[in-house]
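Q: Okay, here's the structure, questions in a sec.
The values are calculated or read from the model by the stated rules, or taken from the named source; none is laboratory data. Note that the structure is predicted; figures quoted are calculated from it, not measured. Note: ideal-geometry Cβ built from the backbone for every residue, glycine included; neighbour counts use all protein chains shown. Just the protein is used for accessible areas: all its heavy atoms, side chains included, with ligands, DNA and RNA removed. Shrake-Rupley method; radii C 1.70, N 1.55, O 1.52, S 1.80 Å.
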Amino acid sequence: MSDEDLINEVANAMYEMVKEYHGKKNFKAMDLTKAMKQKYGEDKVNKALCKKAIRQLIDSGRCTYSYVGGSYITLPAGS
Amino acid sequence: MTTNKRETPLIDQLEKGPWPSFVKELKKSADNPMTNDLLGVLERSYNDRIGHWKHGGLVGVMGYGGGVIGRYCDLPEEFPNVAHFHTMRINHPAGWFYTSDVLRKICDIWEKHGSGITNMHGSTGDIIFLGCVTDELEPTFSDLTEAGFDLGGSGSDMRTPSCCCGMARCEWACYDTMGFTYDITQHWQDELHRPAFPYKYKFKASGCPNDCVASIARADMSIIGTWRDDIQQDDAAVAEYVTSGAVDIVEDVVGRCPTQCMSWDGEKLTINNRDCVRCMHCINVMPKALAPGKDRGATILLGAKAPIIGGALLSSVLIPFYEMEPPYEDLKELVEEIWDFWGEHGKNRERVGEFIQRIGLGNFLEQIGLEPTPEMVVHPRTNPYIFFELDEDEDEEEED
């Protein structure tokens with residue numbers, strides 16, 4: 001699997017996690033990174049890769065940042 | 001458009017007195033409906049003794065997690081023109097230098113898209129645009145980027161680095177504060193715009209220990225200029241201060257030295273530079289006679305915060321002397337070690353200084369790979385029960 005494919009896969013997994021817990025739990029970037037490291041293993045997924053996946057997630061408009069007493073990654077308004 | 005100006009008897013009191021008044025300034029643009037409602041909601045808050053703003057939420061510009069602070073009025077029917085009144089933080093140029101042409105451009109952009117009210121500059125250092133409706137955020141951002149500006153930080157990210165005017169205007173600057181600030185702003189764009197930390201992280205760069213940007217009290221990482229060699233001393237100029245009567249050298253200089261590291265024998269000022277703590281007092285009193293040494297750099301300190309309710313926490317020494325030569329690679333590596341460790345183990349809304357207090361400085365230093373030095377100690381410990389832990393190598397040696 002190429003790096004780009006892995007970034008896409010991790011971004012999708014992050015998106016599913018944010019979607020599943022939407023309205024119940026807020027995730028920070030580090031929460032998503034920790035969860036992905038646990039899911040894929042630290043030998044496969046590291047912080048730099050997660051950073052790129054989050055960037056993809058935000059730039060694609062699937063997720064957005066919110067501020068609720070801290071900055072979180074969440075679904076855009078109206079989702 | 002004619003606006004019915006609101007009656008504001010309570011906040012009118014803030015116009016009295018010799019000091020500058022933000023109410024007076026706001027009233028100058030009260031023909032703008034947003035400003036008029038802003039004055040109205042403030043008057044209402046003074047009457048009700050409660051704020052009428054809610055902040056936070058989902059507002060921002062595409063791709064960025066910082067730079068826009070959502071603000072909504074909780075009385076939108078009464079004050080419809082400030083129902084959305086978002087704040088935009090615009091990354092200022094290092095040292096706050098502008099051309100008048102650029103200032104006009106910024107103001108034109110803001111009058112076109114927002115309330116026209118600015119705060120030059122906010123306590124973060126940024127140019128603050130006060131009062132934008134949600135639909136105008138992207139167009140404002142677009143015009144700003146075209147004019148060469150970008151948003152600053154907000155939320156749990158690296159905040160817009162700020163600095164004193166440094167070598168541009170100050171002879172005491174021990175390093176290029178503006179160059180350093182520009183460098184780290186460019187280097188950590190991702191950290192500035194995409195919040196990934198437990199809480200905010202501020203850099204403030206002061207060129208000398210006078211610390212004109214109060215970095216020691218306000219920045220998570222304070223970079224304060226200092227020197228390693230002796231204070232530069234011009235004995236003839238010292239004598240001139242004394243003979244002209246401009247300075248009472250015994251009372252105003254020697255007597256106020258916090259470490260008593262200097263003496264005056266009636267003819268010559270003698271400084272024991274080994275005991276000097278770089279407080280800058282003598283240099284400030286006799287600027288023509290004394291100056292910081294020539295071997296200059298900065299002290300790197302960590303962990304300040306200036307809370308509204310709790311007590312202030314000043315930053316503590318992390319690196320006693322750093323040469324501050326671009327591209328500052330060692331410092332950048334250390335900062336990223338700190339971010340990794342704090343990011344992994346910090347609690348939500350826990351500043352790095354609070355994190356260090358919680359886990360202990362010893363553990364923190366071990367994790368970021370920095371050796372303890374005497375300069376990190378604030379005062380001698382009062383607990384007499386000190387336990388030394390031998391490291392593994394020493395253990396093995398003893399067993400051998």
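Q: Please verify whether segment A:10-28 includes one or more residues that are in contact with a His (Cβ under 9 Å, 6 or more places away or on another chain) and at the interface with another protein chain (Cβ under 9 Å from one of its Cβ atoms).
A: No, there is no match, as no residue in segment A:10-28 is in contact with a His (Cβ under 9 Å, 6 or more places away or on another chain) and at the interface with another protein chain (Cβ under 9 Å from one of its Cβ atoms).
Q: Taking B:ASP183, is it within 30 Å of B:MET62 (Cα to Cα) and among the acidic types (Asp, Glu)?
A: For B:ASP183, the condition - within 30 Å of B:MET62 (Cα to Cα) and among the acidic types (Asp, Glu) - is met.
Q: What's the number of the only condition in (1) open to solvent by less than 20 Å² (accessible area, probe 1.4 Å); (2) touching a helix residue (DSSP H, G or I) at 6+ places or on another chain (Cβ under 9 Å) that B:TRP227 fails to meet?
A: With (1) open to solvent by less than 20 Å² (accessible area, probe 1.4 Å); (2) touching a helix residue (DSSP H, G or I) at 6+ places or on another chain (Cβ under 9 Å) applied to B:TRP227, the lone miss is (2).
Each row is one residue, and each column tells you yes or no for (1) open to solvent by less than 60 Å² (accessible area, probe 1.4 Å); (2) of a type in the set (S, T, N, Q); (3) within 26 Å of the chain's Cα centre (by Cα); (4) within 30 Å of B:GLY153 (Cα to Cα).
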| site | (1), (2), (3), (4) |
| --- | --- |
| B:LEU10 | no, no, no, no |
| B:PRO20 | no, no, yes, yes |
| B:PRO33 | yes, no, no, yes |
| B:VAL41 | yes, no, no, yes |
| B:SER45 | yes, yes, no, yes |
| B:ASP48 | no, no, no, no |
| B:ASP74 | no, no, no, yes |
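Q: Also: Within segment A:34-49, identify whether any single residue is more than 10 Å from chain B (Cβ to nearest Cβ) and acidic (Asp, Glu), and answer yes or no.
A: Yes, segment A:34-49 contains at least one residue that is more than 10 Å from chain B (Cβ to nearest Cβ) and acidic (Asp, Glu).
Q: Now a separate question. Which residue is least open to solvent (accessible area, probe 1.4 Å), if the candidates are limited to segment B:176-205 and must be more than 9 Å from the chain's Cα centre (by Cα) and within 20 Å of B:ILE283 (Cβ to Cβ)?
A: B:THR177
Q: Now for a separate question. Condition (residue is more than 14 Å from chain A (Cβ to nearest Cβ), among the basic types (Lys, Arg) and out of contact with any Ser or Thr (no Cβ under 9 Å at 6 or more places or on another chain)) applied to segment B:155-171: is it met by at least one residue?
A: Scanning segment B:155-171 turns up at least one residue that is more than 14 Å from chain A (Cβ to nearest Cβ), among the basic types (Lys, Arg) and out of contact with any Ser or Thr (no Cβ under 9 Å at 6 or more places or on another chain).
Q: Still on this structure, I have one more. Specify the residue that is farthest from the other protein chains (Cβ to nearest Cβ); the eligible residues are those in segment B:58-115 that are free of Cβ contacts under 8 Å to residues at least 12 places away in the same chain and either closer than 29 Å to B:THR177 by Cβ or among the hydroxyl-bearing types (Ser, Thr, Tyr) (or both).
A: So the residue we want is B:SER100.
Q: While we're on this one: Go through B:GLU323, B:GLU267 for me and flag whichever is surrounded by fewer than 20 Cβ atoms within 10 Å (Cβ to Cβ) and under 21 Å from B:PHE180 (Cα atoms).
A: Residue meeting the stated conditions: B:GLU323.
Q: Only residues that are within 18 Å of B:PRO161 (Cα to Cα), open to solvent by 20 Å² or more (accessible area, probe 1.4 Å) and assigned to a strand (DSSP E or B): list them for segment B:76-94, please.
A: Listed by number, the list holds a single entry, B:ARG89.
Q: Going through segment A:44-79 one residue at a time, which ones are surrounded by fewer than 19 Cβ atoms within 10 Å (Cβ to Cβ), among the small types (Gly, Ala, Ser) and not in a loop (DSSP other than H, G, I, E, B)?
A: A:ALA48 - this is the single residue of segment A:44-79 that is surrounded by fewer than 19 Cβ atoms within 10 Å (Cβ to Cβ), among the small types (Gly, Ala, Ser) and not in a loop (DSSP other than H, G, I, E, B).
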